[in-house]
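What follows is a set of notes on a single structure, which appears directly below.
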Amino acid sequence: MKKIQMVDLKGQYENIKERVNSSILNVIETTTFINGPEVHEFQKELEEYLDVKHVIPCANGTDALQIAMMGLGLEPGDEVITADFTFAATVEVIALLQLTPVLVDVDSINFNIDVEAIKKAITPKTKAIVPVHLFGLAANMDEIMEIAEEHNLYVIEDNAQGIGADYTSKDGTKKKTGTIGHVASTSFFPSKNLGCYGDGGAIFTNDDDLAHQIRGIVNHGMYERYHHDVVGVNSRLDSIQAAVLRAKLPHLDAYNTARQRAAQKYTDAFKDHKHIITPTGCGNCSGTTFEACNCHVFHQYTLRIINADRDALVSYLFENGIPSGVYYPIPLHLQKAYKDERYNEADFAVTNQLVKEVISLPMHTELDDEQIDYITKTVIEFIG
Ligand SMILES: *Cc1c(COP(=O)(O)O)cnc(C)c1O
């Protein structure tokens, strides 16, 4: 059996090596390192893939979130509601811009921001909601867009983990995650579903004026050379990363399918186990497998371990050559940087529970059946 890895970037590279190497070499030979044709072509190809009017590439997923918020003109003191159970980047940029982060609990079924908790958290100062499509499954966008419309709020989708997923609305229409809210961000960090070989990110929007605004912000606030109309940043996707992404984008659907098949195999093996809760889909689509729905692209395959020792399971797996991860071990509202006296522990019951129960198993495009069988057998062996 091949050594099991949490993420196998080398195996994936071997399959696209020629194209990647020649594209990178071409950037070097043509010395089009910054804003070269690869960046522009990638932007157009991603717009087409997502069916979104504007993709604005930038340096990483954290910048993408920050720039989206700057583009919307959010101002110090504005409140932005986001999930307590996510990677810190989301809340970090809210705080950096001197906006007020308002963390709320998540849903115990899909791990995404809880719609009722959003409603409770809205005040006259609320300006935006940031749903995160955590682990690759879309948040409840129908309900979130309804709330946003009713209260005149912006919706910024953090799609760093969800690229390529479809969101099925209650009326049956499908859209790619990241094209539903007013603006979205994504990350091309190497281990993400569409990863480059360094840092990269992008902002998506269907709003022409906002896209124009954002294109200036990523380039020092310039709309005309050496005229700085707004305070901007320097955030670029470099041409070598764009070349890698162009080589990988045509494979994104196949990569996500490989993840969904691995997830299906895990889920079938753990079905109805009394100490294990397996991940769900969106609940709106009618497909009977993850592959048929494409509503979950499994950036992570995350189980809840119920009435059993999750940390001992992590150690047991490690001793048996199986890496795993706990995403995320501490709720954001309990992090030193983001503590706030207004928070009430009783409002975070789900997140407080999930941090004790979740475990993410190896998930990447190169997992084979033998490895998955060994992993599931080892989990069940420990947990009984
Ligand atoms: C990875 C990630 C980010 C940040 O992306 P970077 O490219 O590492 O800056 C933001 N939000 C979420 C949910 C992520 O998973």
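The values are calculated or read from the model by the stated rules, or taken from the named source; none is laboratory data. Here the structure is a predicted model, which is why all the values come from computation and not from measurement. Glycine gets a Cβ as well: all are built from the backbone with ideal geometry, and neighbour counts include every protein chain shown. Keep in mind that these areas ignore ligands, DNA and RNA; they rest on the heavy atoms of the full protein, side chains included. Shrake-Rupley method; radii C 1.70, N 1.55, O 1.52, S 1.80 Å.
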- Do you know which of the residues in the range 130-177 that are on the phi > 0 side of the Ramachandran plot and not in a helix (DSSP H, G or I) is farthest from the ligand (Cβ to nearest atom)? Gly172
- Quick check, is Glu79 open to solvent by less than 40 Å² (accessible area, probe 1.4 Å), away from the ligand (no atom under 16 Å from the Cβ) and either farther than 19 Å from Ser191 by Cβ or assigned by TED's automatic domain parsing to the domain that holds Asn320 (or both)? yes
- Within the range 264-278, identify whether any single residue is touching a Gly at 6+ places or on another chain (Cβ under 8 Å) and in contact (Cβ under 8 Å) with a residue 24 or more places away in the chain, and answer yes or no. yes
- What do you reckon, is Phe382 more than 22 Å from Asn110 (Cα to Cα) and either hydrophobic (A, V, I, L, M, F, W, C) or touching a Gly at 6+ places or on another chain (Cβ under 7 Å) (or both)? yes
- Message: With the requirement that a residue be without any contact (Cβ under 8 Å) to a residue 40 or more places away in the chain and of a type in the set (D, E, K, R), what does the range 31-46 give you?
- Response: Lys44
- Query: Counting residues that are over 23 Å from Val91 (Cα atoms), which helices (runs of 4 or more DSSP H) fully inside the range 271-384 reach at least 2?
  - Reply: 290-293, 310-319, 369-383
- For the range 178-225, list the strands (runs of 3 or more DSSP E) that sit wholly inside it and hold at least 3 residues that are near the ligand (Cβ under 10 Å from one of its atoms); which are they? 183-187
- Could you list all residues from the range 109-147 that are hydrophobic (A, V, I, L, M, F, W, C) and surrounded by fewer than 22 Cβ atoms within 10 Å (Cβ to Cβ)? Ile109, Val115, Ala117, Ala121, Ile122, Met145, Ile147
- Message: Please determine whether any residue of the range 316-325 is in contact with a strand residue (DSSP E or B) (Cβ under 7 Å, 6 or more places away or on another chain) and either in the same structural domain as Val106 (by TED's automatic domain parsing) or among the hydrophobic types (A, V, I, L, M, F, W, C) (or both).
- Response: no
- Within the range 149-170, can you find the residues that are buried (at least 20 other Cβ atoms within 10 Å of the Cβ) and more than 21 Å from the chain's Cα centre (by Cα)? Leu153
- Message: What's the number of the only condition in (1) within 23 Å of Leu249 (Cβ to Cβ); (2) open to solvent by 10 Å² or more (accessible area, probe 1.4 Å) that Ala184 fails to meet?
- Response: (2)
- Message: If I filter the range 335-355 for residues that are modelled with pLDDT of 95 or more and of a type in the set (Asp, Glu), do I get at least one hit?
- Response: yes
